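Visitor: Below: one structure in structure tokens.
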Amino acid sequence: MTDTKNTEYITVNANGIFVGGKTTTTYRGEDICGMQDVKNMFAWMQEQNPEIEEFHIGAFETRGEHAKPGNPNGVFGPNAWCRVKYKNGNLGAWVFNYTSNSAAGCANYCAGNCAYYVRGDSAFRAAVFGATIKKQNVKPVTQPEAELKRKLQGTDLSKLVGKPVQLNGYKIIVEKIAETQQNKR
């Protein structure tokens, strides 16, 4: 669910609590309980891993298993999920926390409860932090053009001509090079 709009979940960062990029005290029409505690817990999370940039929390329809990564559908519901975003842009997996008695109740308490479990439950914290550790340790590419050429080797690019492809926040458009330009290379 990495493509879910930021209007569908709470974002906590060093600057405060947001929904849809706007500072807020409510989520899905409900007051966010324990906002100062949530901010304090986020500061603690950054002490544990300074690479954490944001903490995302959502009340979704999809149910999961506590402290296990999953794929919530993004539809508003009674199930609390959370993940982290790292400074390098990598998103962690959504990790299921609990089911509330109602969607409204989940919206009200999910931020505080998820932050509380990240701090107090080592298995939950490991799932939230650990689901992205491998992504963080990916060896940086020193020659990105050569790496891209290698990965695209054998791909029929003619099917992509003129069609924008989005990758890592960039738009790539394939364009056919004139025959005379190809021969010069």
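The values are calculated or read from the model by the stated rules, or taken from the named source; none is laboratory data. Computed from a predicted structure; not experimentally measured. FYI the Cβ positions are ideal-geometry reconstructions off the backbone, even for glycines, and counts take in every protein chain you see. The accessibility values were calculated without ligands, DNA or RNA, using every heavy atom of the protein model including side chains. Shrake-Rupley method; radii C 1.70, N 1.55, O 1.52, S 1.80 Å.
Visitor: With the full set of protein chains in place, find how many percent of the accessible area of the chain is carbon and sulfur; take the probe as 1.4 Å.
Guide: 49 percent
Visitor: By how many nm would the segment from residue 75 to residue 152 lengthen if fully extended, with 0.36 nm per residue of separation less the alpha-carbon distance?
Guide: Length gained between residue 75 and residue 152: 24.2 nm.
Visitor: What Cys residues in the chain are without a partner cysteine, judged by a Cβ distance under 4.7 Å?
Guide: Here 33, 106, 110 come out as lacking a disulfide-compatible partner, given the Cβ-Cβ threshold of under 4.7 Å.
Visitor: Could I ask something else about it? Mind ranking 3, 156, 121, 37 by accessible surface for me, highest first, 1.4 Å probe?
Guide: Largest accessible area first, the residues go 3, 37, 156, 121.
Visitor: On to the next question. Looking at the stretch 78-118, which trypsin sites (Lys or Arg not before Pro) are in a loop (DSSP not H, G, I, E or B) and have at most 15 other Cβ atoms within 10 Å?
Guide: Here the sparse-neighbourhood loop sites are 87.
Visitor: While we're on this one: At R0 = 25 Å, how high is the FRET efficiency between residue 36 and residue 121 if r is their beta carbon distance? Nearest 0.05 is fine.
Guide: Working: r = 21 Å, r/R0 = 0.83.
Between residue 36 and residue 121 the formula returns 0.75.
Visitor: In deg cm²/dmol and to the nearest 500, what is the mean residue ellipticity at 222 nm of the chain if only DSSP H runs of at least 4 residues count, each as -39500 (n - 2.57), divided by the residue total?
Guide: Calculated from helices alone, the mean residue ellipticity at 222 nm is -9500 deg cm²/dmol.
Visitor: A further question on this structure: What is the projected area of the convex hull of the Cα atoms of the stretch 71-118, averaged over all directions, in nm²? Each step should come with its number before you reach the end.
Guide: On the way: hull surface 14.2 nm².
The number I arrive at for the stretch 71-118 is 3.6 nm².
Visitor: Still on this structure: Tell me the Kirkwood hydrodynamic radius of the chain in angstroms, computed as one over the mean inverse distance between distinct C-alpha pairs.
Guide: Its Kirkwood hydrodynamic radius stands at 18.3 Å.
Visitor: Let me cross-check residue 160: its accessible surface, 1.4 Å probe, with only protein heavy atoms counted, in Å² to the nearest 10?
Guide: So the heavy atoms of residue 160 present about 60 Å² to solvent.
Visitor: In Å², what does the accessible area per residue of the chain work out to with a 1.4 Å probe?
Guide: 62 Å²
Visitor: Would you mind working out the magnitude of the charge dipole of the stretch 1-127 relative to its Cα centre, with +1 at each Lys and Arg C-beta and -1 at each Asp and Glu C-beta, to the nearest 20 Debye?
Guide: Details: 11 positive and 12 negative charges, 17 e Å.
Approximately 80 debye in magnitude.
Visitor: Report, in whole Å, the centroid distance computed from the Cα atoms of the stretch 81-132 and the stretch 1-70.
Guide: The stretch 81-132 and the stretch 1-70 have Cα centres separated by 8 Å.
Visitor: Using +1 at the Cβ of each Lys and Arg and -1 at the Cβ of each Asp and Glu in the chain, identify which of 127, 12, 160 lies farthest towards the dipole's positive end.
Guide: Of the options given, the answer is 160.
Visitor: Would you pull out the residues with amide H under 5 Å of residue 32's amide H, same chain only if 5 or more places away, H placed 1.01 Å from N?
Guide: Long-range HN contacts for residue 32: 26, 27.
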